[in-house]
Amino acid sequence: MGSPSLLRSCLHRGVLCRGHQAAQRWASDSATGSVKDIASLLEGAEVDREEVVEKSPPTRLPSDSTVVLFPGQGSQQVGMARGLLRYANVRAMFLTAQKVLGYDLLELCLKGPPEVLHKTVHCQPAVFVTSLAAAEKLNHQVPKALENCVVTAGFSVGEYAALVFAGALDFAEALHAVKIRAEAMQEASDAVPSGMLSVVGTAKTRYHLVFAEAEEHCRTLGIANPVCKVANYLFPDGRVIAGHIEALQFLQKNAKKFSLTRAKLLPVSGAFHTPLMESAVEPVQNVLRTLSFKQPLVNVYCNVDGKRYRDASSIDKLLAKQLVSPVKWEQVMHAIYERRPGTDFPLTFEMGPGFQLGTILRLCNLKAWRLYKNIDVFESD
């Protein structure tokens, strides 16, 4: 069930502004040599849950409900956030980001350069902040979309945005975790030549044989403990495979042999959501343990198992596990949109930038996609 009061409080009534004020105090303390724990950044940014949680929100018909989706790394483009700056709290969010990150994220989003924005260490915070800022635009365009939200989910780093949107995590606290996550994943990526390959298979594709042959090819090149695995389940027959770059190049070259109708290298520098990210787990675990997670007030679906979070105590463990586990986005889509014949579908909003999650939804469930809309983060209305 949705909790409109909390969602509006988190995204519209100044919680993010108070987080910005706390960030200013934190930055000031840093300048004088007395850096506080991240908890001090959030002083005064807490929502009084007793104040905002409604008792027994009314059950809504599917046609009166909304689903909000948050994209992940790879959706970033120079110019994003340009269409959001007129909305309340957006500039405050980016000012908070500047204090937490130590650089001007808004300037990077608006002007690039692209090669800097696309680096893992920068694009993850950029997508996280811009996507949540897009929720401000949605609140102005379609206020009932927040009131009627019953489900949210996010792809990879987008899951952090979904948890903030659902009231399970504070904005500035989550952004700090995203910063640590992005730095750790960048370092893991730099340690091993690796990448990700977008593939579309057929009924004849035998992925266990695909991976076995690619890994054996790596061994012939002298690579110990080669990795070639599914990193993302996207849609029926659609996968992203990740691992050592030599394994992915082998698959590209032999795509026809393995009944892959598409095999395209993605413009990323690492094998995300595979064991090659193992070195990133500890620093992410350490920061997640310091955070204060609350029970989400709308259903949030988890990348690791494709199911909704049942209680707040499991969130940190699953977010850490997400780094080395495949994103089960196809399974999340089926869980959210499975309906009895004749049942209406909810409205779905993707928080930009890009239309990637909408494209996946169309391939997973055409009827649900017909009620999909992207919230444009590039152009003003």
For region 191-229, name all the residues that are among the β-branched types (V, I, T) and closer than 15 Å to L260 by Cβ. V199, V200, T202, T205, V210
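Every residue in region 337-349 that is among the β-branched types (V, I, T) and open to solvent by less than 10 Å² (accessible area, probe 1.4 Å), please.
Residue satisfying the conditions is T348 alone.
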Just to verify a result, which residue in region 350-371, among those that are in contact with an Asp or Glu (Cβ under 7 Å, 6 or more places away or on another chain) and of a type outside the set (G, A, S), is surrounded by the fewest Cβ atoms within 10 Å (Cβ to Cβ)? C364
Subset tally (residues that are closer than 19 Å to V200 by Cα, in a loop (DSSP other than H, G, I, E, B) and aromatic (F, W, Y)) for region 241-294: 2
Just need a number here: residues in region 308-347 that are assigned to a loop (DSSP other than H, G, I, E, B) and either out of contact with any Phe, Trp or Tyr (no Cβ under 7 Å at 6 or more places or on another chain) or under 17 Å from A271 (Cα atoms) (or both). 14
When K229 is run through (1) outside any helix (DSSP H, G or I); (2) more than 24 Å from P283 (Cα to Cα), the failure sits at (2)
Based on this model, can you work out whether E215 counts as closer than 30 Å to G102 by Cα, open to solvent by 10 Å² or more (accessible area, probe 1.4 Å) and not in a loop (DSSP other than H, G, I, E, B)? no
Right, K307: of a type in the set (D, E, K, R), at pLDDT 95 or above and open to solvent by 70 Å² or more (accessible area, probe 1.4 Å) or not? yes
So which of E183, E173, E246, E147 ends up being touching a residue at least 12 places away in the same chain (Cβ under 8 Å), under 30 Å from Y103 (Cβ atoms), open to solvent by 40 Å² or more (accessible area, probe 1.4 Å) and over 15 Å from the mean Cα position of the chain (by Cα)? E183
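The values are calculated or read from the model by the stated rules, or taken from the named source; none is laboratory data. All of these numbers come straight from a predicted model, not from anything done at the bench. Note: ideal-geometry Cβ built from the backbone for every residue, glycine included; neighbour counts use all protein chains shown. What goes into the accessible areas is simple: the full protein's heavy atoms, side chains included, and nothing from ligands, DNA or RNA. Shrake-Rupley method; radii C 1.70, N 1.55, O 1.52, S 1.80 Å.
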